[in-house]
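Structure record follows, encoded as structure tokens.
The values are calculated or read from the model by the stated rules, or taken from the named source; none is laboratory data. Worth saying up front: this structure is predicted, and the values here are computed from it rather than measured. For neighbour counting, all protein chains shown are included, and Cβ atoms are generated from backbone atoms with ideal geometry for every residue, glycine included.
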Amino acid sequence: MIKTSSRKSMHVFTLFLPEIKELLSKKDFNGLKSFLKSIHSMDLAEGWRYLEPTDKIIVFKLLSPKKAVEVFEDLRFSEQTYVINNLENEQVSQVINEMAPDERADLFKELPDKIFKKLFQLVSKEEAQDLRELMEYQEGAAGSLMTTEFVELKKEMTARQAIIHIQENLRTEYTKDLYSGFVTDESHRLIAAVPLQDLLKAPPDIQVKDIMLRADLIKIDAEADVEEAAGLFKKYDLLDAPIVDKENVLVGIITIDDIVELIDKETTKDIYEIGKMDPKGGEIISYARATTIDLVKRRAGWLILLLIFDFLTGTVLKSFENSLSTVVALAFFIPMLLDTGGNAGNQTSITIIRGLATGDVNFKNVSKIIRLELSAALLMGVIIGSVAFGRALLLQKDFHLAAVVGITMLLIAILAISTGVFLPLFSKKIGLDPAVLAGPITTSVVDIIGLIIYFKIAQMFIPALSF
């Protein structure tokens, strides 16, 4: 279930909040219990932080069993642990045993060892086995996203038998996001898939084998990368997909809500990494909950690292101190050259990083991409170099200085775009996140080498520096 903040949901809850507080103050728990039925589970979870700590437990205990599970699944981890720590074991057991298997596994992965051991004793034997299996998958593997709530069908069943089988084998009160049945053999190996809408529209006596669809294109290995799973959902416009082990045995399914949550986290993570902040696994910075310390922790580390890189720029400037003191006008164009180079590098690196994420860029077509980008770099270098030359000539009325600025701009553009191409590819090749490495290194390379190029060309073209 997606745990993202919704402005609309927050506003909905604030409409209910005064009446909830009034009923709590009057201790009208029967009235509050009835009133809570009219509030959507997601709205309750989104607005949970507006309740007083003691009121949260009262409200939670008044929820119906189904709604309590739904609300609990959508709470943030800190709120989940608060609820767990303030409920009796019987109530905790009811909630965690009725949670969706994947949601329960996500919760237990975050728990400290002491609380994990305590709660694990409250999990039923059947659910405990599921929990163990789900927790074995590494973070980032498709199996870590799957749920074990799915329906197995046999190809000899009729449509009517299949529908009855689904009704009899699902916990209808708690199961959600069911879009397909999956056809397996006697050893539970995957054969095919049957969308529920096809099953419902089919004549009652038609056999499943006559309406089932191929599953080999949409099945996902449990150990496959989650990005591969997301790619399949996008390519085939899926609502769910079967997860199989190495023996092609059906072990679970991934549903569209898991993929949407994954994409949301990955997008948030990439944005924060490009912006040079601690991504914390894609956790959104919410100003409604953030503190000054939270913001500093997320940002300070990168700022210090980038500051250290900038020390190198200062060292380069100091080494060309004589050139600057001789031709002071050289300093006028440094910000323009470096900023434009940094912008060109970032444009390219972001395009490459995005392409790597979507699969548009890979090591099979990398030579074509390099040729394309270097051609674009040369053309853009000529264009912005000409503009820089014109600007310098108008400002200083010195052809030699203008030529230095124009040629430097051309070379910096080529350098920046080349760096923006090669660094993300290199990062991917050695197993690092391209968004983490490419940004600061690209800017630093352009700043340091760009300054060296600028002063070396100046020494070649300006007579006063020819020594």
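Could you give every pair whose Cβ atoms fall below 7 Å, whose first residue belongs to segment 213-236 and is under 14 Å from Ile253 (Cβ atoms), and whose second residue is of a type in the set (Lys, Arg), counting only separations of at least 6 or pairs across chains? Once the first residue is under 14 Å from Ile253 (Cβ atoms) and sits in segment 213-236, no partner that is of a type in the set (Lys, Arg) comes close enough. Those helices (runs of 4 or more DSSP H) of segment 103-218 in which at least 3 residues are in contact with a Lys or Arg (Cβ under 8 Å, 6 or more places away or on another chain), considering only elements entirely within it, cover 125-135.
Yes or no, residue by residue, for (1) in a helix (DSSP H, G or I); (2) more than 24 Å from Ala357 (Cα to Cα); (3) modelled with pLDDT of 80 or more:
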{"residue": "Glu266", "(1), (2), (3)": "yes, no, no"}
{"residue": "Leu295", "(1), (2), (3)": "yes, yes, no"}
{"residue": "Leu303", "(1), (2), (3)": "yes, yes, no"}
{"residue": "Leu306", "(1), (2), (3)": "yes, yes, no"}
{"residue": "Asn322", "(1), (2), (3)": "yes, yes, yes"}
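Filtered by the rule that a residue be farther than 30 Å from Asp225 by Cβ and surrounded by 20 or more Cβ atoms within 10 Å (Cβ to Cβ), segment 142-156 gives no residues. Asp221 satisfies every condition listed in (1) in contact with a Phe, Trp or Tyr (Cβ under 9 Å, 6 or more places away or on another chain); (2) at pLDDT 90 or above except (1). Considering only residues in segment 65-74 that are modelled with pLDDT of 90 or more and in contact with a Lys or Arg (Cβ under 9 Å, 6 or more places away or on another chain), the one that is surrounded by the fewest Cβ atoms within 10 Å (Cβ to Cβ) turns out to be Lys67.
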